[in-house]
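Throughout, read-outs are computed from the coordinates displayed, never taken from laboratory work. Only a predicted model underlies this, so the values are computations on that prediction, with no experimental measurement involved. Cβ coordinates were reconstructed from backbone atoms using ideal geometry, including for glycine residues, and neighbour counts include every protein chain displayed.
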Protein chains: 2
Amino acid sequence: MQKDEVLKIRHILETELKSGEITLHPSEIAAFLKYLYSENKEEFFAILRKLPEEVLGEVLLELPESIKDEAIEQLSVKKLAKAVEELDSDDAVDLVKDIEDIDSDLEQKVLQNIDKEYKEEIETLSSYDESTAGAYMQTEVFKAYVDEKVKDAIERLRKLKAEGEVSNIHQVYVVDKDEKLKAIIPLEDLILYDFNAKFADIIHEKKYEPITVHVNEPVAELIKKFEDYDLAVVAVVDDEGRLLGRITSDDVIDLIEEQATEQIYNLAGLEEEAEEEEDIKEVTKKRAWWLLINLGTAILASFVIGLFDETIQKYVALAVLMPIVASMGGNAGTQTLTVVVRKLALGEIDWQNAKKALMKETVVSLLNGLIFAVIMGAIAWIWFGNHLLGVVIALAMIINLLAAGFFGAVIPLFLKKVGQDPAVGSSVLLTTVTDVVGFFAFLGLAKVMLVH
Amino acid sequence: MQKDEVLKIRHILETELKSGEITLHPSEIAAFLKYLYSENKEEFFAILRKLPEEVLGEVLLELPESIKDEAIEQLSVKKLAKAVEELDSDDAVDLVKDIEDIDSDLEQKVLQNIDKEYKEEIETLSSYDESTAGAYMQTEVFKAYVDEKVKDAIERLRKLKAEGEVSNIHQVYVVDKDEKLKAIIPLEDLILYDFNAKFADIIHEKKYEPITVHVNEPVAELIKKFEDYDLAVVAVVDDEGRLLGRITSDDVIDLIEEQATEQIYNLAGLEEEAEEEEDIKEVTKKRAWWLLINLGTAILASFVIGLFDETIQKYVALAVLMPIVASMGGNAGTQTLTVVVRKLALGEIDWQNAKKALMKETVVSLLNGLIFAVIMGAIAWIWFGNHLLGVVIALAMIINLLAAGFFGAVIPLFLKKVGQDPAVGSSVLLTTVTDVVGFFAFLGLAKVMLVH
């Protein structure tokens, strides 16, 4: 945040805290507080405590994890409870979970101070698995009934809005007496109808057929539906088609960022959740597990080298050159692996075109094998004045890059086929292949062609 | 796509093609066509040609790149022109660009068959740089004027909607006589006002202050604004604050996916654009450039090994073990690098907390260095029956993982500081460090401690 922006927001915030009417966006207040946190902690806490409850929850949710935790610890149970109550249900659940992560006793105390009905709603929403749509839904929707008149619904909307019960209403969800979702009517259409009409007269138009997700639908399907249908919001229903809530695009955007982070992290041997930890010991431990697996594969590669120790002793140039073959294989394979993992995630590769993708990746890697066989063969020849050494490294390069392309594509495709995440563990499997094949091909060929 | 889904969509589509009224979503038709493409190409083209122009453009845009290209080539100029005309301006621009990519003569012919006004609009929109907001904006917005009555605006909306000129209207953009954006009023608020009121009476409420992006604003800023303010749509303005168009969440979702793909690809030495190519030669060439840079760093590492060839000849175990040190450094460094690159992209690391992040990453990597020094030291001792060899590899492990953590964090932070993309080229820089430091530390220590 720029200095002049900070000064501007500070000025507005001070005025608004006095008047009690906050028009700054919670993310602006959060950005200012984040700045303040590192500049002047006392002032940070002073302003935090002065924030009206209508914005407090939203501001807390916009703060970075570590600052948020400290902020929550500084606030009273009453204040936290009110902040939760002022939030939409999906955000309320998030804040309650944040409080629980710090101290589950505190969470219980906060929940006891929340209006009973809302408390139960939060508890229901909290119970949905985080890998399903239900965990991201908010229950605040504007419902109308099939036999209701448009003008009566609008009158109800006016009241609900005045009470702050609903906001961001782009659509009216029309339900029958069993709460089953019958139609979704955009407000832009609704205002064009005769306000004396009943919803029953309107909802038969095909364009109002609802696009929904099931509350237990996996997050990946939810995202796909949003992308395929270009949605801004989607209704959530249960087995019987009863309306439970809705999920808005801002939550889906967060989910997409999170999934991308997870993919990037998994490819590098990281766990997303562990990396959100502040505790250095925890982060170290999680990363160590991955490094331990990597150590195993590195030792396996060393065994391969050990098979040829006599050959290396005769031609020490082999020791000098052998990491090049392994490294090039590792890099070419990582290129292939990354493309296939990402295209699988985006749905650009599926079973229909998997064979084509595998072919393409193998050919691309093989072609690069040929290119670098020539380049590296010439370099090795000139460097060590031995043309046979050039031939050996050239052949090893071709073999290893062919293996890199083929396994770089096959490994994620196989993991996907057996229902695993193609990003998890695939790079360590691949490196095992490119190291073992690389060393074995290079040293094995050298033994045959140079020693005898 | 499942067989039963295919049959269902085929049945509905056949009926609807006869009646001429299509209610299937373009993405459903596209999914069916994609299936058909690999099953029965003739039928694919037959159905494609029968699709009404109202949906043809949207269906084309939903098809995978390679199928889309072939489909476009099969359609007449007239049909393509009408398909473009039926699309919203942002989508029209996309389709025209797709046509241009295939054949710029065809693009010119298509443009000549489009209504002149719309043609100019498409050309203006096409001229915006793809890294700025303007390239993703659509010009179809619903504007109202400050001195207009609410009911007159609604009457206009009715007409515009009937003509298919606007859709997905969640908000009314209120402009003054110079087209300057004065307020954004959600429809849900508008319908609660007296329809005889003038907009001038309403727009002074602070909550209607417009959140906008400038037409030249970088895409990253656009995304950040969407995420910070939880937007579903944002207005686009020029230097004078005049309303030019809007960007909706579905486009932002596409942009976020694309940026994530770019990060993942860049980390693996891939170019996103090149990977969209069908041409194997082009893909091979692009990837070869990266592999060439990698070859350079691998040769550099080999030079380091070459410095110690006599030592290796005496202790061939060094050749067996040395890839382990380099590999562990590479992996630990990649973990650090990936976390820092991603957190920089998400704005979780910035200059305020860069030092803290650098400290954390270095400490985590150093701690893992200590853990694996003990493990690998013991293994080397037992394996080769030489406790000094164990000490050498242990010390080398600590040094290399310390370097890996430090440089894994410093490299992307430095690239960001000098205005470069922290994901591009950082992993090759890092590998150079971990290879060179790894080999030098291990072989250097061995020379000092084992030989003398």
Check: Residues of B:324-335, mean number of Cβ from any other protein chain within 10 Å of their own Cβ, rounded to a whole number?
Finding: 6
Next item on the list: Measure nothing fancy, just the Cα-based angle from helix A:354-384's long axis to the longest principal axis of chain A, in degrees from 0 to 90, nearest 10.
Entry: 40 degrees
Item checked: Overall dimensions of the stretch A:42-194 by Cα: Rg and Dmax, Å -> 18.2, 58
Notebook entry, point to check: Restricting attention to the stretch A:258-351, which chymotrypsin sites (Phe, Trp or Tyr not before Pro) occupy a DSSP loop and are surrounded by at most 12 other Cβ atoms within 10 Å?
Noted result: A:Trp351
Item checked: Kirkwood-based Rg to Rh ratio, the stretch B:249-288, C-alpha trace -> 1.08
Notebook entry, point to check: Debye sum, Cα scatterers, the stretch A:130-215, no solvent: what log₁₀ I/I(0) at q = 0.22 1/Å?
Noted result: -1.14
Checklist line | Considering only the stretch B:199-296, percent of DSSP beta bridges that pair antiparallel, nearest 5 | finding: 60 percent
Checklist line | Rg(Cα) / (2.2 N^0.38 Å) computed for the stretch A:20-97, rounded to two decimals | finding: 0.99
Check: Can you tell which of A:Gln263, A:Ile184, B:Val252 lies farthest toward the positive end of the dipole of the protein assembly as shown, using +1 and -1 charges on the Cβ of basic and acidic side chains (Lys, Arg; Asp, Glu)?
Finding: A:Gln263
Item checked: Charge dipole (debye, nearest 20) of the protein assembly as shown; +1 at Cβ of Lys and Arg, -1 at Cβ of Asp and Glu -> 3760 debye
Notebook entry, point to check: Which ordering of B:Val374, B:Val146 is given by a fewest-first count of other beta-carbon atoms within 10 Å?
Noted result: B:Val374, B:Val146
Margin query: Which one, A:Ala81, B:Ile280, A:Ile99, is farthest towards the positive end of the dipole of the protein assembly as shown when Lys and Arg carry +1 and Asp and Glu -1 on their Cβ?
Written below: B:Ile280
Margin query: Using alpha carbons only, how many angstrom separate the centre of the stretch B:380-446 from the centre of the stretch A:1-20?
Written below: 46 Å
Margin query: Compute the helix-to-body angle for A:426-446: its Cα long axis versus the longest principal axis of chain A, expressed 0 to 90° and rounded to tens.
Written below: 10 degrees
Notebook entry, point to check: Counting Lys and Arg as +1 and Asp and Glu as -1, each charge on the Cβ, what is the dipole of the stretch B:87-138 about the Cα centre in debye, to the nearest 20?
Noted result: 140 debye
Notebook entry, point to check: Cα-Cα over 27 Å: which of B:Lys79/B:Lys119; A:Lys82/A:Lys182; A:Lys82/B:Lys207; A:Lys206/B:Lys119; A:Lys225/B:Lys3?
Noted result: A:Lys82/A:Lys182; A:Lys206/B:Lys119
Next item on the list: Please report the relative contact order for the stretch B:272-451, taking Cα pairs under 8 Å with a sequence separation of at least 6, and give it as a percent rounded to a whole number.
Entry: 33 percent
Check: Put a point 7 Å out from Cα along the line to Cβ at A:Asp4; what are the distances to that point in the other copies, in nm, shortest first?
Finding: 6.3
Check: Taking a label point 7 Å from Cα toward Cβ, how far is B:His204 from its twins in the other copies, in nm, shortest first?
Finding: 4.8
Note to self: Taking just the alpha carbons, could you work out the radius of gyration and Dmax for the stretch B:278-387, both in angstroms?
What the structure shows: 19.2, 55
Notebook entry, point to check: Which values, in whole Å and largest first, are the semi-axes of the equivalent ellipsoid of chain A obtained as the square root of 5 times each eigenvalue of the Cα gyration tensor?
Noted result: 57, 30, 18
Checklist line | Kirkwood Rh and Cα Rg combined as Rg/Rh, the stretch A:310-452 | finding: 1.06
Next item on the list: Enter the per residue convex hull volume of the stretch A:92-166, computed from alpha-carbon coordinates, in Å³ rounded to the nearest integer.
Entry: 108 Å³
Check: Of the beta bridges DSSP finds with both residues in chain A, what % are antiparallel, to the nearest 5?
Finding: 70 percent
Margin query: Tell me the relative contact order for the stretch A:143-258 as a rounded percent, counting alpha carbon contacts under 8 Å between residues six or more apart.
Written below: 23 percent
Next item on the list: Counting only DSSP beta bridges with both residues in the protein assembly as shown, tell me the antiparallel percent, nearest 5.
Entry: 70 percent
Checklist line | Radius of gyration, Dmax [the protein assembly as shown; alpha carbons; angstrom] | finding: 30.7, 99
Notebook entry, point to check: If you bin every alpha carbon distance in the stretch A:213-338 into 10 Å steps from zero, what whole percent lands in each bin?
Noted result: 10, 23, 22, 20, 13, 8, 4, 1
Checklist line | Residue (of A:Thr431, A:Phe406, A:Ala446) at the positive-pole extreme of the stretch A:334-452, dipole from beta-carbon charges | finding: A:Phe406
Notebook entry, point to check: Taking Cα centroids, how far is the stretch A:333-358 from the stretch A:223-274 in Å?
Noted result: 21 Å
Notebook entry, point to check: Using alpha carbons only, how many degrees (0 to 90, rounded to 10) separate the axis of helix B:249-267 from the longest principal axis of chain B?
Noted result: 20 degrees
Checklist line | Relative contact order (%) - the stretch B:324-425, alpha-carbon pairs under 8 angstrom, separation at least six | finding: 40 percent
Next item on the list: Can you figure out the FRET efficiency of A:Ile12 with B:Ile102, using R₀ = 51 Å and their beta-carbon distance, to the nearest 0.05?
Entry: 0.45
Checklist line | Enclosed volume per residue, in Å³, of the convex hull spanned by Cα atoms of the stretch B:330-406 | finding: 65 Å³
Notebook entry, point to check: Using a simple charge model, +1 on the beta-carbon of Lys and Arg, -1 on the beta-carbon of Asp and Glu, nothing else, what dipole does the stretch B:291-403 show about its Cα centre, in debye to the nearest 20?
Noted result: 280 debye
